[in-house]
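Only one structure is covered here, and it is reproduced in the block below.
The values are calculated or read from the model by the stated rules, or taken from the named source; none is laboratory data. All values reported here derive from a predicted model rather than from experimental measurement. So basically every Cβ, Gly included, is an ideal-geometry build from the backbone, and we count neighbours across all protein chains shown. Note: areas computed on protein heavy atoms with side chains; ligands, DNA, RNA excluded. Shrake-Rupley method; radii C 1.70, N 1.55, O 1.52, S 1.80 Å.
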Amino acid sequence: MTTTTWDSVYDRCAAGYDPHVGHFAVLGYRLVDLVDPLPGERVLDVAAGRGACLFPAAERVGPAGAVHGVDLSEGMVAQLAADIAGRGTANATAARMDAQALTVAEGSYDRVLCAFALFLMPDPGSAARGFLRALRPGGRCGVSVPMRELMPGDRAALSELFRSFALRAGTAAGRRPAFGMDTGRLLADAGFADVRVVEEDSEFVFADVSAWWEWTWTVNVRSFYERLPADLLEEFRERAFALLEPAVTREGLRATARTRFAVGTRPGGPGM
Ligand SMILES: C[S@@+](CC[C@H](N)C(=O)[O-])C[C@H]1O[C@@H](n2cnc3c(N)ncnc32)[C@H](O)[C@@H]1O
């Protein structure tokens with residue numbers, strides 16, 4: 001099995017994942033919208049996290065349908081299973097699985113979703129080919145990836161701050177996910193037809209700099225912080241706060257996300 005280097009950081013992110021602005025919840029909802037699951041359908045949500053796609057998909061497919069969320073991180077799966085039980089979402093389940101080696105029956109789903117995860121995987125091509133196999137002919141897949149980090153305030157200055165501290169700490173701390181992945185090509189190369197790509201900007205507002213700081217600990221930025229020695233981390237925090245405080249307005253601290261959504265269909269369905 002090809003494993004990712006990011007799954008253990010998500011174990012530590014799982015409990016407090018995506019607080020404050022609901023960034024993943026909003027963008028997960030949007031992906032579900034684009035993929036448009038219908039009542040009674042079966043949906044596979046790959047790298048489901050805390051269910052940003054799973055819950056809106058479960059609502060759409062209704063009691064006659066089913067949504068199966070899978071994720072590599074045990075922590076995420078445990079939290080998601082608890083969320084499913086807590087909300088009483090009877091048509092959803094959660095299980096541990098590597099997106100790059102899906103063990104689901106061929107052709108067993110009407111829709112496959114994968115939000116904000118392909119860009120973390122060492123072998124996204126295997127994952128995309130697995131999504132195709134999981135779908136029935138005519139079934140639809142939708143994936144989303146960030147085009148860049150969600151950064152509030154002066155993006156260039158904050159990026160430079162991250163870069164300079166990564167350099168000071170050594171190259172391991174500079175490891176970044178593959179932002180801006182060409183998911184349209186990825187789906188086409190995997191064999192999907194009718195591939196459509198949409199790029200959208202969405203604005204998120206953090207209440208203040210502390211809210212942004214806490215949020216960053218619940219996403220993969222955490223692995224950067226965890227690689228900084230304690231004194232560098234504290235210096236980074238102070239410098240980031242000093243940089244961002246002037247950007248806080250009465251509304252809060254704004255950040256714009258740019259997301260690439262790609263949707264494709266497994267060939268061979270009616271009329272194809
Ligand atoms: C940024 S989160 C996105 C979660 C969710 N889809 C959302 O939109 O909120 C990335 C998720 O991908 C999962 N992940 C990373 N690599 C994976 C892999 N190879 N297989 C399955 N899940 C993976 C992580 O554990 C994490 O839950």
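Taking all protein chains as they are arranged and a probe of 1.4 Å, the heavy atoms of Asp231 leave approximately 110 Å² accessible to solvent.
Database remark: amide H of Ala117 closer than 5 angstrom to the amide H of Ser144 (H placed geometrically; neighbours at sequence offset of 5 or more, or on other chains; Pro and chain starts carry no H). Put Val26, Val77, Val35 in order of accessible area, highest first, and with a 1.4 Å probe you get Val26, Val77, Val35.
The distance from the alpha carbon centre of segment 141-165 to that of segment 55-85 is 28 Å, rounded to a whole number. Ligands, DNA and RNA left out, the accessible area of segment 129-272 computed with a 1.4 Å probe is 50% carbon and sulfur. For GluC sites (Glu not before Pro), the sites in segment 26-135 that DSSP calls loop and that have at most 14 other Cβ atoms within 10 Å are Glu106. What translational D, rounded to a whole number of µm²/s, comes out for segment 126-272 from Stokes-Einstein when the hydrodynamic radius is the Kirkwood one over Cα pairs, at 25 °C and 0.890 mPa s? The diffusion coefficient I find is 140 µm²/s. The DSSP beta bridges internal to the chain are antiparallel in roughly 50% of cases.
In order along segment 146-154, phi translates into HN-Hα couplings of x, 7, 6, 5, 7, 10, x, x, 7 Hz, rounded to whole numbers, per the Karplus curve 6.51 cos²θ - 1.76 cosθ + 1.60 with θ = phi - 60° and x for Gly and Pro. Normalised per residue, the accessible area of segment 194-238 is 49 Å², obtained with a 1.4 Å probe and no contribution from ligands, DNA or RNA.
Within the chain, the longest run free of exposed loop sites, counting trypsin sites (Lys or Arg not before Pro) that sit outside DSSP helix and strand states (H, G, I, E, B) and have at most 13 other Cβ atoms within 10 Å, spans 1-147.
Against the criterion of solvent-accessible heavy-atom surface with a 1.4 angstrom probe, Ser202, Ser210, Ser73 sort, most first, into Ser210, Ser202, Ser73. Within segment 208-272, the percentage of alpha carbon pairs spaced more than 15 angstrom apart rounds to 68%. Rg and Dmax of the chain, based on Cα coordinates, read 18.9, 62 Å.
Residues in segment 213-227 carry Karplus couplings, in order, of 4, 4, 4, 5, 6, 9, 10, 5, 4, 3, 5, 5, 4, 5, 8 Hz; the curve used is 6.51 cos²θ - 1.76 cosθ + 1.60 with θ = phi - 60°, and Gly or Pro positions show x. In the context of the full protein assembly, Tyr29 retains an accessible surface of approximately 140 Å², using a probe radius of 1.4 Å and ignoring ligands and nucleic acids. Residues His68, His23, sorted by accessible area with the largest first, give His68, His23 [1.4 Å probe; ligands and nucleic acids excluded].
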